[in-house]
1. Cα axis of helix 47-68 to longest principal axis of the chain: angle in degrees, 0 to 90, nearest 10?
2. Full-extension gain between I10 and N172, please, as 0.36 nm times their residue separation minus the C-alpha to C-alpha distance.
3. Of the listed peptides 30-40, 96-106, 1-11, what is their order by residue-averaged count of other C-beta atoms within 10 Å, with the highest listed first?
4. In terms of modelled amide H atoms, which long-range or inter-chain residues lie less than 5 Å from the amide H of S15?
5. Given a Förster radius of 30 Å and the C-beta distance between A121 and I184 as r, what FRET efficiency does 1/(1 + (r/R0)^6) yield to the nearest 0.05?
6. State the answer as a single residue: which of Q145, I114, T102 lies farthest towards the positive end of the charge dipole of the stretch 3-182, with beta carbon charges of +1 for Lys and Arg and -1 for Asp and Glu, about the Cα centre.
7. Sort 174-183, 120-129 by packing, meaning the average of other beta carbons within 10 Å per residue, with the highest value first.
8. Explain nothing, just the number: dipole magnitude of the chain about its Cα centre with +1 on each Lys and Arg Cβ and -1 on each Asp and Glu Cβ, in debye rounded to the nearest 20.
Amino acid sequence: MKIRKIISVIDESHSEAGRNASPPLRKVAVAAVCRNPRVGAYSDRLDDLIDGSVEVGLKITKLAAELMRPYPIESYGKGAIVGLAGELEHAEAVLITPFGDTMRTSAGGGKAWICHMAKRAAAGSIIDIPFAHKDALTVRSHYDQMTVMLADAPLPDEIAIICCYANRGRLNERLGGHRVEDIIGKDGLR
């Protein structure tokens with residue numbers, strides 16, 4: 001897939017409700033804005049999008065992992081916005097397992113499936129990417145999100161593919177449930 005541009009965002013929160021965070025909560029989003037090869041040509045097979053997402057994924061997930069330093073990656077999420085001339089199915093195609101595997105590799109592993117959001121929208125739209133712990137979906141402290149806005153993307157014939165990482169759970173989390181220290185890490189749930 002031909003990349004027009006890569007956009008990176010770092011959001012680092014140092015306090016919440018007057019309480020300092022140690023460590024701060026760092027969230028990183030990296031988006032690759034790519035030409036959509038499926039615009040205007042319906043096909044029963046979307047292998048070119050699926051296969052293309054791997055090369056794009058290797059590039060943006062590596063960059064996202066570098067932007068997370070010095071913090072470890074504990075949670076992740078992914079998303080895609082397809083331009084108005086594309087189909088929602090095109091956005092879903094770039095987010096399935098092959099792209100997810102590039103995220104897991106750059107994160108140093110991950111047992112849990114990766115939460116995602118996909119939509120068809122015009123340039124300048126926002127998308128909320130959901131987060132969950134990379135090894136156990138039931139870790140309630142890591143349910144979070146990152147809002148991403150791409151000012152001039154996607155154009156009608158493009159797809160924006162987005163990788164998000166975070167180094168910890170929400171600041172001041174206190175809702176109980178399964179905790180990080182209780183992770184078993186076998187099936188991605190607990």
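1. 40
2. Stretched out fully, the I10 to N172 stretch lengthens by 56.3 nm.
3. Numbers: 30-40: 21.3, 96-106: 18.5, 1-11: 14.7.
For the peptides 30-40, 96-106, 1-11, the packing ranking is 30-40, 96-106, 1-11.
4. Under 5 Å from the amide H of S15: A21.
5. Plugging the Cβ-Cβ distance into 1/(1 + (r/R0)^6) gives 0.20.
6. Q145
7. 120-129, 174-183
8. Magnitude of the dipole: close to 460 debye.
None of the figures in this text is laboratory data; all of them are computed from the coordinates on show. The model shown is predicted, which means the values in this text are computed figures rather than measured ones. Note that each Cβ is placed from the backbone with ideal geometry, even for glycine, and that neighbours are counted across all protein chains shown.
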